[in-house]
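Accompanying notes for the structure given below.
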Amino acid sequence: MHTEKTALEGVVIIEPDVFADERGYFFEMAEEKRYQEILGVGVTFVQDNLSVSNKNVLRGLHYQVPPFAQGKLVQVLRGKVLDVVLDVRFGSPTFGKHITMELSDENHRQLFIPVGFAHGFLAQTDSVIFSYKCTNFYSKEHERGILWNDPALGIEWGIDNPLVSDKDKVLPLLKDIAKEFVFKTN
């Protein structure tokens with residue numbers, strides 16, 4: 001297994017060991033002890049989610065706030081996405097900065113997104129099956145988001161008119177979100 005830090009503190013790319021032969025392939029999606037060594041002893045996953053998206057569907061940018069803030073381990077099981085993570089921790093040196101990367105069923109990459117970051121993705125293939133392992137439970141009252149095409153973010157989605165939910169079309173701009181995450185130094 002290979003891990004790689006990103007420009008956003010705590011966001012980690014995980015490339016599991018994939019065992020492939022003429023029959024197909026096998027890999028461990030998450031093994032608690034190993035993942036706690038990588039992500040921290042306090043990281044446990046309590047809820048698994050799955051979304052299915054058609055090509056050009058854009059989901060995000062979503063996050064949850066305390067006491068239901070969620071870290072997520074995300075992965076594509078079928079297809080390919082452009083994945084985006086945005087720092088929403090006020091006072092962080094990377095507040096308002098984002099990273100993008102390709103996640104696919106071919107590269108098997110996983111991405112860990114800690115609490116304090118918004119997440120979204122654009123489906124780039126006809127059918128995408130997307131897996132989320134979450135560190136906290138879903139709470140509608142605590143869900144938040146940021147408008148996917150906020151000009152201040154400068155995210156290059158590679159598409160002008162994605163398929164976006166009515167809810168995601170009216171999310172606030174980054175400058176208008178509440179200070180529900182404040183960056184704390186160690």
Candidate set: segment 118-148, residues that are in contact with a Leu (Cβ under 8 Å, 6 or more places away or on another chain) and among the aliphatic types (A, V, I, L, M); chosen: the one nearest to MET101 (Cα to Cα): LEU122
Enumeration of residues in segment 38-73 that are in contact with a Leu (Cβ under 7 Å, 6 or more places away or on another chain) and either surrounded by 22 or more Cβ atoms within 10 Å (Cβ to Cβ) or free of Cβ contacts under 8 Å to residues at least 12 places away in the same chain (or both): LEU58, LEU61
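Yes or no, residue by residue, for (1) surrounded by 12 or more Cβ atoms within 10 Å (Cβ to Cβ); (2) without any contact (Cβ under 8 Å) to a residue 12 or more places away in the chain:
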residue: PHE130; (1), (2): yes, no
residue: LYS140; (1), (2): no, yes
residue: GLY158; (1), (2): no, no
residue: ASP166; (1), (2): no, yes
Filter result for the condition that a residue is in a strand (DSSP E or B) and within 23 Å of ASN107 (Cα to Cα), over TYR25, TYR63: TYR25
Within segment 14-39, tally of residues that are in contact with a strand residue (DSSP E or B) (Cβ under 7 Å, 6 or more places away or on another chain) and either of a type in the set (Phe, Trp, Tyr) or within 24 Å of LYS184 (Cβ to Cβ) (or both): 6
Of the criteria (1) surrounded by fewer than 16 Cβ atoms within 10 Å (Cβ to Cβ); (2) in contact (Cβ under 8 Å) with a residue 40 or more places away in the chain; (3) farther than 23 Å from LYS184 by Cα, which one VAL81 fails: (1)
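Bear in mind that the values in this text are calculations on the coordinates, not laboratory data. What you see is a predicted model, and the numbers here were worked out from it, not measured in a lab. Cβ coordinates were reconstructed from backbone atoms using ideal geometry, including for glycine residues, and neighbour counts include every protein chain displayed.
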